[in-house]
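First the structure, in the form of structure tokens, and then the observations on it.
Laboratory data are not the source of any read-out in this text; all were calculated from the coordinates shown. Worth saying up front: this structure is predicted, and the values here are computed from it rather than measured. Note that we place each Cβ from the backbone using ideal geometry, even for glycine, and neighbour counts take in every protein chain shown.
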Amino acid sequence: MASEMNDKVNGPAAAALLAGGIGSAAMGVITLIYELDDKSGFSKSMTWYKPVGGLSGKSSWAIIIFFVSWAILHFIWKDRNTNFAHISSLAIALLFVGLIGTFPPFWHLLKGS
Amino acid sequence: MEMNVREIWTVVHGMVFGLIFLLGFSGALYAVYSLKAEWLTTEGMTRTVNIIKVYLWGLAISVWAAVFTGAWVVYPWYRATPPDGTTDLSAFPRSLLLVNESTAQWHEFGMEWKEHVAFLAPIAATVVAFVVSYYGTQLARKIGERRAVMIFFIFAFVAMAIAGMFGAFITKAAAVR
């Protein structure tokens, strides 16, 4: 009982997990949009550093989105308990969005090539 | 046994930073899995958690270093465009792979997957290190949280393993020199 009273809230953990899922999904979605048309304005805007090409912007955006979403979610949930089961399930699902979005055969499937 | 600067950086990227994470993964995963109140004394729990925290942050740092050295140091050499009229493409690995149908897929599938999926690993590994650090010994009582952490960690490993495997194969087919 005493140990339960001292239990930390799950908000910060949920925030980190969900932010990880969001960052992963961001990488997948950004990559997918880029690969569907690598001549578009969006894709050209991903070249932040020419020697690295589009990967420089794609990866940087994913990392920025990860840390920013983590900061926001942590601020909102830091003193609260959340529905951890739902949030962690969503986070894990978003990890797989990232995995699928970065998988080249998926790009070709959507492009019809 | 001489290596030039590019080869050294390629080794640092894959065989140092990448390998630290891939080799260290299983021990760290087991340590998190075994963080159970019924398996450890209070003192054992505290000692294990203190070691796991350092271990996980070390692995997270290593995987960030792997993807950054890969993307920002080695990758530019890999994808450099050869000057017009170049016939010897050995210093231009991407072009070397793409010029032959039998090797093109190493780039179009292997490198294209590797360069993107790798970035999922440090994100997931950082989350794992944070959650374990946040809960500390309380993680032993948090079955759902521990399970979520292990899933994230396995995901990080899978992403790194894909990147590492294709890195090794691509280096064999067209090394960065």
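Quick one: if the Förster radius is 45 Å, what FRET efficiency do B:ARG6 and A:HIS86 give, using the C-beta to C-beta distance and rounding to 0.05?
Numbers: r = 48 Å, r/R0 = 1.06.
It comes to 0.40.
Calculate the mean, over all residues of peptide B:107-118, of how many other protein chain Cβ atoms lie within 10 angstrom of the residue's Cβ.
Numbers: counts 0, 2, 4, 1, 1, 7, 4, 2, 8, 17, 10, 4.
Per residue, the average neighbour count from other chains is 5.
Dipole of chain B (Lys/Arg Cβ +1, Asp/Glu Cβ -1, origin at the Cα centre): which of B:ILE51, B:PHE152, B:THR69 lies farthest to the positive side?
B:ILE51
How far is it, in nm, from the label point at B:LEU89 to the one at B:ARG141 when both lie 7 Å from their Cα along the line to the Cβ?
About 6.2 nm separates the two model spin labels.
Output the peptides A:18-31, B:27-40, B:105-118, B:132-145 sorted from most to least packed, where packing is the average of other Cβ atoms within 10 Å over each peptide's residues. Intermediate values should be presented prior to the final figure.
Details: A:18-31: 26.7, B:27-40: 15.3, B:105-118: 21.8, B:132-145: 18.1.
Highest mean packing first, the order is A:18-31, B:105-118, B:132-145, B:27-40.
Give me the inter-chain shielding for B:143-153: mean count of other chain Cβ atoms within 10 Å, whole number please.
4
Cross-link candidates for B:LYS114: which aspartates and glutamates have Cα within less than 16 Å, leaving aside residues fewer than 8 places away along the same chain?
A:GLU35
Report the local net charge at A:LEU17: Lys and Arg +1, Asp and Glu -1, summed over other residues whose C-beta lies under 13 Å from its C-beta.
Around A:LEU17, the charge tally is +2.
Under 14 Å between C-alpha atoms is the cut-off here; go through chain A and count lysine pairs that meet it, provided they're at least eight residues apart or on different chains.
Final tally of qualifying lysine pairs is 4.
Would you mind getting me the FRET efficiency between A:LYS44 and A:LYS78? Use the beta-carbon distance for r and R0 = 51 Å, nearest 0.05.
The computed FRET efficiency comes out at 0.85.
Determine Rg/Rh for the protein assembly as shown; Rg is computed over alpha-carbon atoms and Rh is the Kirkwood hydrodynamic estimate from the same atoms.
Rounded to two decimals, Rg/Rh equals 1.03.
Just want the ordering: B:GLU43, B:GLU2, from fewest to most Cβ atoms lying within 10 Å of their own Cβ.
On the way: B:GLU43 8, B:GLU2 4.
The most exposed by this proxy come first: B:GLU2, B:GLU43.
Round to the nearest 10 and give me the degree value, 0 to 90, for the angle of helix A:11-36's Cα axis relative to the longest principal axis of chain A.
Compared with the principal axis, the helix lies near 10 degrees.
Net charge near B:ILE162, counting Lys/Arg +1 and Asp/Glu -1 over other residues with Cβ under 12 Å of its Cβ?
Once all neighbours under 12 Å are counted, the net charge is -1.
Roughly how big is the protein assembly as shown's charge dipole about its Cα centre, with Cβ charges of +1 (Lys, Arg) and -1 (Asp, Glu), in debye to the nearest 20?
Numbers: 21 positive and 17 negative charges, 95 e Å.
I would put it at about 460 debye.
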